[in-house]
Amino acid sequence: IFKGYTNEELDANDLKEGDMIEAVFNGPVLMIYPVQGGAKIIRVF
């Protein structure tokens with residue numbers, strides 16, 4: 001989990017409901033809402 005487009009790592013505890021994120025998935029995902037799959041990278045903006 002990274003802060004924006006930096007290499008500054010965040011802890012999962014830093015995530016809050018309503019945060020805007022970008023997720024890059026590693027492999028296939030289930031195309032349902034909310035999307036389900038294994039994330040390779042998560043960026044918090």
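The values are calculated or read from the model by the stated rules, or taken from the named source; none is laboratory data. This structure is a prediction, so every number in the text was calculated from the model and none was measured. Cβ: placed from backbone, ideal geometry, glycine included. Neighbour counts: every protein chain shown.
The number of residues in the chain that are surrounded by 10 or more Cβ atoms within 10 Å (Cβ to Cβ), over 9 Å from the mean Cα position of the chain (by Cα) and of a type in the set (A, V, I, L, M, F, W, C) comes to 4. Scanning the range 25-45 for residues that are at pLDDT below 95 and of a type in the set (Val, Ile, Thr) yields Val29, Ile32, Val35. Of all residue pairs spaced 6 or more apart or on separate chains, those with beta-carbon atoms under 9 Å, a first member in the range 22-33 that is within 24 Å of Lys3 (Cβ to Cβ) and part of a loop (DSSP other than H, G, I, E, B) and a second member that is of a type in the set (Gly, Ala, Ser) and modelled with pLDDT under 95 are Asn26/Gly37; Asn26/Gly38; Asn26/Ala39; Val29/Gly37; Val29/Gly38.
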